[in-house]
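Participant: Just passing along the structure, written as structure tokens.
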Amino acid sequence: MEDLVDRARRVIERFTLKKDDFVDVRFFLGEATAINIRNGAAEQVSSESNIGTALRALVGGAWGFSTSKSFEEKDLLDAMETAVSAARAMQKHIGEKGIVPDKYVYEGSAPLKVHVDPREIALEDKIKAAVELEKNIRKVDERIKVSQAGLADIVQREIIVNSLGTEVDISNCYVRVAGNATAREGVVIQNASDSVGTSRGWETIEELDPAEMGRKVGSRAAALISALSPPSGRMNLIMDPGLVGVFIHEAFGHAAEADGVLSNMSVLAGKIGKRVGVLGVTVIDDPTIEGLRGSFPYDSEGTKTRRRVIVKDGIMNEYYQSLETAAKMGAEPNGAARAMDFNWKPIPRMGNTFIEGGDMSFEELCQEVKEGIYLVKSYGGYVNSAIGQFYFTAQEGYLVKNGRIGPMTQNVSMSGLTLEVLSNIIGIGKDVKMAFPGTCGKAGQSAPVSGGGPHLAAANVVVGGR
Amino acid sequence: MKMVDILSAARKGVEYGLSLNANQVEVCIANRNQIRIEVKKSRITGSDILEVGGAGVRCYIGGALGAASTTRLTELEEAIEKAYHLAKGTPADPYFKSLPRPSKYRSVKGLYDKKLAALTFEELAERFMEGVEAAAPENGFTVSGGLTRIVEESAVVNSLGVEALSRQTSISGSIGSKIERDGDTGLGREPIMGRDIEEFEPIKAGSRAAEKARSYLGAKKVMTGMMSAVLDFRSARNSLYGVLGLGVSGLNVALGTSFLSDKMGAQVASRSFSVVDDPYTPGGLNSRPFDDEGAPSTKVRIIEGGILKSFITDSYFAGRLGIPNTGHARRPSLTLKPVPSLTGIHVSSGNWKLDELISETEKGVLLEDSRLVPQGVSTNVSSSVDFGFYVEKGEVVHPVKNTMIGTTVFDLLLNIDAMTRETLREGGSTSPALRISNVRVAGGL
């Protein structure tokens, strides 16, 4: 750390910066292994080394960005020269000048916080864990044509040094195991999956019950074969905590990212202090909760993370901020600037997003919905924040008839409008669970996130069955 | 690093892998010069100038595969050692036969354009800004977008003698134009894609984005019901790419999860429907003389007159299915093993004009820039209409919002009841607009 920080400092000092100019150097060291077992065979066992340096320059209000695969001082100087030149060349095209506030300077170190470092685990033990899960999926039902188990561990270190004095050294670990089953009978093909993902170490896998996880995934895929076709139209629904996680991420989280708000590409622009949902709806994003997949102590600009209250009792409260977006909005940076690796710039995005619990039981939610559908587990979704229209998918559903859970339905997707959806919530359960460990995609970058909440009932959601 | 250097580095890597006692070795090196320009609120915020890429290695010991990648070519030997050790600790895959053997390659025109490669980031920015200005023809418009120019050299070398080198240019991105008027919002987005400087037409893209934004003002919810879906050129191409990509991929066929796996020779689409995949399409974004394993590309007739004719394979799934390797391997990343993927689809045209097709539609939704695809390998299609219009009695009535379409992959192909004469040739694919009867439209009314 000392050596690289000193090197970054020397690079930064070689560039004469005027008032309001800014540069930073971010060293990135990523190591990953991944194992994929399919139908009893080792489909892929791989190792990835992702190492390089990201260099940003804000000169005369314009940004330049460059990278180097090297940590050598000479190469860093060349890359910074490129970033500065790129910024200078863009100055005539910029509108509102880029700014970075000089009052937020962070120093800190967050070493890897795991009980068992996945890099210390023998390959054969990793393969064994994946094989065990895959085997348990496969044996559930002979209609399962594909059983698949994936296991991945990633250890990343970022050392961030900037011209304002920030010096931060952080390490993160992400472990994820996923099971997937595809069942087929005649022309009907159905799929079910589940995953566990954390920012903890190999203990994630040690605590897993592969027999139970495998059995559940396999059983769900087999059951979906004979499930009903999903319904179609506007209806009331209940979402399970995993689906709530995806729903709040897509329906609301992306639109609350300050870069979209500032560029007039979010329907939540100008909504701070205004009502966006019913009383009782509170949306939190907290990357400081230890162990969740979307947890990280400092962001990729070196800002210390904190709990963010995005919506407080139905009122829009804050956006996801980077150093620059916070300065432009007169807000505080809240540690939301994340970069996938050294080839990408940090951008505002989510961590662990959830809806706070209410006071209704699951049975009460069913009574509230009366006629509709209960949807379970998600494959993900996407949103167009500029017009506030989002889409997300459920792996399976159950009809709700006369306030009771009825027969199972196959996978289906939903669509809604950001500015309507939190106002259409008609019931909030009390059983909060961070049930969706996922990967978020934005502007070409992916980031580990999680989402969740309690069971939630909403009215007038468009369900796209057939 | 120049082409000759990456070829030499890949050769050395293969030799090193063999010296460790691997049975088969493949080294793939990509060296990419990338410029990215970002526009927010109608102005450029900055630019990125990047050297990206690295090396991917596959080592086989018997049928056991170890794979590794590194961003640093200086660490290629370490990556090869890692791949070798992973292979040593991995159970053999009984289906693995062999990496591809050397073949002669045909050339493909239009993959590299010197003029596009020579554009500086200042010149790219100047030209892109002309498009941004065109996307905001009057007050009330906000423009966002991004542009990426890539100059890439890559090499695939394996221990059986394959040596494949390529050099490519590409330009890609989009211009998004948003208009706000009387509390209403319309958003239009237009892609930029190509391999040649002639295809870089930002003014055309910006103007079209603004037109689209205006046309989406006044979007309304629709009633739920059975009706037709009219897919514009891009929606048709995107949907067919997705549906056929799942159905004819040797991966899904081998696993028994393709909806087309037992349909060879059967009627799977309407009789007027034919499609070929042609990796030799000049200037196609996925065109190439060889695939990501160095196997020669082949043109494949996929569906002819509605009858399923072929699947696509890579070396692994060709061996597993016992059918020829069509050279469709595509590696999702340098680390991951390739899978069979479509390159450039060319869909037969019909006899309709688009406006005739709409005027003959009693009730339906016209999709623009949307995509009807299943979730994973499921046979159910449940997709959002990202941009579209409600059609009634042959007239486009209004843009729609909060609308979903539900059907199945079978019905999507079999219920194509009209295709246009005119086609869109873009990015190496060709597609008409088409109409699918009897889809379930779910609306918010």
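Read the figures in this text as sums done on the coordinates, not as results from a lab. All values reported here derive from a predicted model rather than from experimental measurement. Using ideal geometry, Cβ is built from the backbone for each residue, glycine included, and neighbour counts are taken over all protein chains shown.
Participant: Greater than 23 Å separation of Cα atoms is the criterion. Which listed pairs, A:LYS328/B:LYS40; B:LYS178/B:LYS353; A:LYS69/B:LYS88, meet it?
Facilitator: In this structure, B:LYS178/B:LYS353; A:LYS69/B:LYS88 exceed 23 Å between Cα atoms.
Participant: Tell me the Kirkwood hydrodynamic radius of region A:232-464 in angstroms, computed as one over the mean inverse distance between distinct C-alpha pairs.
Facilitator: About 17.5 Å, per the Kirkwood formula over Cα pairs.
Participant: Please enumerate, by chain and number, the aspartates and glutamates with C-alpha under 14 Å from the C-alpha of A:LYS19, excluding those fewer than 8 residues away in the same chain.
Facilitator: Partners found: A:ASP102.
Participant: Can you give the helix-only mean residue ellipticity at 222 nm for chain A, where every DSSP H stretch with n ≥ 4 adds -39500 (n - 2.57) and the sum goes over all residues, rounded to the nearest 500 deg cm²/dmol?
Facilitator: Here the helix-only value at 222 nm equals -6000 deg cm²/dmol.
Participant: Among A:MET434, A:MET408, A:MET329, which comes first, then next, by fewest other beta-carbon atoms within 10 Å?
Facilitator: With the fewest neighbours first, A:MET434, A:MET408, A:MET329 line up as A:MET329, A:MET408, A:MET434.
Participant: Roughly how compact is chain A, stated as its Cα Rg over 2.2 N^0.38 Å to two decimals?
Facilitator: Compared with the compact-globule rule of thumb, chain A sits at 1.03.
Participant: Tally Lys/Arg at +1 and Asp/Glu at -1 over every other residue whose Cβ is under 14 Å from the Cβ of B:ARG288; what's the total?
Facilitator: -1
Participant: Cut-off 10 angstrom, C-alpha nodes, Gaussian network model of chain B. Which of B:LEU357, B:LEU255, B:LEU334 fluctuates the most?
Facilitator: It is B:LEU255.
Participant: Then there is this: So what is the relative contact order of region B:3-215, in percent, for Cα pairs below 8 Å that sit 6 or more residues apart?
Facilitator: On the way: 513 pairs, mean separation 48.0, N = 213.
23 percent.
Participant: Still on this structure, please answer the following. For chain B, set up a GNM with springs between Cα atoms under 10 Å and report which of B:GLY13, B:GLY110, B:GLY140 has the largest fluctuation.
Facilitator: Highest fluctuation among the options: B:GLY140.
Participant: Dividing the Cα radius of gyration by the Kirkwood radius, what Rg/Rh value follows for region A:70-118?
Facilitator: Dividing the radius of gyration by the Kirkwood radius yields 1.19.
Participant: Over all Cα pairs of chain B, how is the pair count split among 10 Å bins, expressed in % and running from 0 up to the last occupied bin?
Facilitator: So the P(r) values, bin by bin, are 5, 19, 26, 26, 17, 7, 1, 0.
Participant: If you don't mind, another one. Region B:3-215: D in µm²/s via Stokes-Einstein (Kirkwood Rh, Cα pairs, 4 °C, 1.567 mPa s)?
Facilitator: 66
Participant: To make sure I understand the rule: partners must be lysines, Cα under 19 Å from the Cα of B:LYS109, and not fewer than 8 residues away in the same chain. Which ones qualify?
Facilitator: B:LYS299
Participant: Structure shown: which of A:LYS74/A:LYS113; A:LYS128/A:LYS377; A:LYS271/B:LYS41; B:LYS220/B:LYS393 lie over 25 Å apart, alpha-carbon to alpha-carbon?
Facilitator: Details: A:LYS74/A:LYS113 33 Å; A:LYS128/A:LYS377 27 Å; A:LYS271/B:LYS41 18 Å; B:LYS220/B:LYS393 18 Å.
Flagged as over cut-off: A:LYS74/A:LYS113; A:LYS128/A:LYS377.
Participant: If you look at just the Cα atoms of region B:246-337, how large are its Rg and its Dmax in Å?
Facilitator: Here Rg and the maximum Cα pair distance are 13.4, 41 Å.
Participant: Could you give the nm distance between label points at B:GLU211 and B:SER333, where each point is 7 Å from its Cα heading toward the beta carbon?
Facilitator: Each label point lies 7 Å from its Cα, and together they span 3.9 nm.
Participant: How high is the relative contact order of chain B, given as a whole-number percent (alpha carbon pairs under 8 Å, six or more residues apart)?
Facilitator: Once normalised by length, the contact order is 16 percent.
Participant: Sticking with this one: Just check region A:358-432 against the gyration tensor rule for me: Cα atoms, a ≥ b ≥ c as the square roots of the eigenvalues, rounded for a/c under 1.5, and otherwise prolate or oblate depending on whether a/b exceeds b/c.
Facilitator: oblate
Participant: Near B:LYS82, which lysines are there with a Cα under 18 Å away, not counting those fewer than 8 places off in the same chain?
Facilitator: Hits, sequence-local ones excluded: A:LYS126, B:LYS12, B:LYS337.
Participant: Something else now. At q = 0.13, 0.21 Å⁻¹, what log₁₀ I(q)/I(0) does region B:198-291 have when each alpha carbon counts as one equal point scatterer in the Debye sum?
Facilitator: -0.80, -1.22
Participant: Given R₀ = 25 Å, what would the calculated FRET efficiency be for A:GLU31 paired with A:ARG306, taking r from the Cβ atoms and rounding to 0.05?
Facilitator: Using R0 = 25 Å, I get an efficiency of 0.30.
Participant: For B:GLU304, A:GLU371, A:GLU396, what's the fewest-to-most ordering of other Cβ within 10 Å of each Cβ?
Facilitator: With the sparsest Cβ surroundings first, the list reads A:GLU371, B:GLU304, A:GLU396.
Participant: Take A:ALA223 and A:SER423, extend 7 Å from each Cα along the Cα→Cβ direction, and tell me the distance between the two endpoints in nm.
Facilitator: Placing both labels 7 Å beyond Cα along the Cβ direction yields 3.7 nm.
Participant: Just need the relative contact order of chain A here, percent rounded to a whole number, with Cα pairs under 8 Å and 6+ apart.
Facilitator: Normalised by residue count, the contact order of chain A is 16 percent.
Participant: Along the positive direction of the dipole of chain B (beta-carbon charges: Lys, Arg +1; Asp, Glu -1; about the Cα centre), which of B:ALA10, B:ALA64, B:LEU165 reaches farthest?
Facilitator: Working it through, the farthest residue towards the positive pole turns out to be B:ALA64.
Participant: Please express the shape of region A:2-225 as an equivalent ellipsoid: the semi-axes are the square roots of 5 times the eigenvalues of the C-alpha gyration tensor, given largest first in whole angstrom.
Facilitator: 47, 20, 14
Participant: Relative to the first principal axis of the alpha-carbon coordinates of chain B, what is the inclination of helix B:202-215, with its axis defined by its Cα atoms, in degrees from 0 to 90 and to the nearest 10?
Facilitator: 40
Participant: Also, quick follow-up: Springs between alpha-carbon atoms under 10 Å, Gaussian network over chain B: tell me which of B:LYS115, B:LYS299, B:LYS212 tops the mean-square fluctuations.
Facilitator: B:LYS115
Participant: Provide A:ASP169, A:ASP209, A:ASP3 in ascending order of the number of other Cβ atoms located within 10 Å of each residue's Cβ, fewest first.
Facilitator: A:ASP3, A:ASP209, A:ASP169
Participant: Could you pull the Rg and Dmax for region B:288-360, using just the Cα atoms, both in Å?
Facilitator: My reading of the Cα-based Rg and Dmax gives 16.4, 50 Å.
Participant: Rounded, prolate or oblate: which fits the protein assembly as shown, taking a ≥ b ≥ c as square roots of the Cα gyration tensor eigenvalues, rounded meaning a/c under 1.5, else prolate when a/b beats b/c?
Facilitator: Rounded, because the longest to shortest axis ratio a/c is under 1.5.
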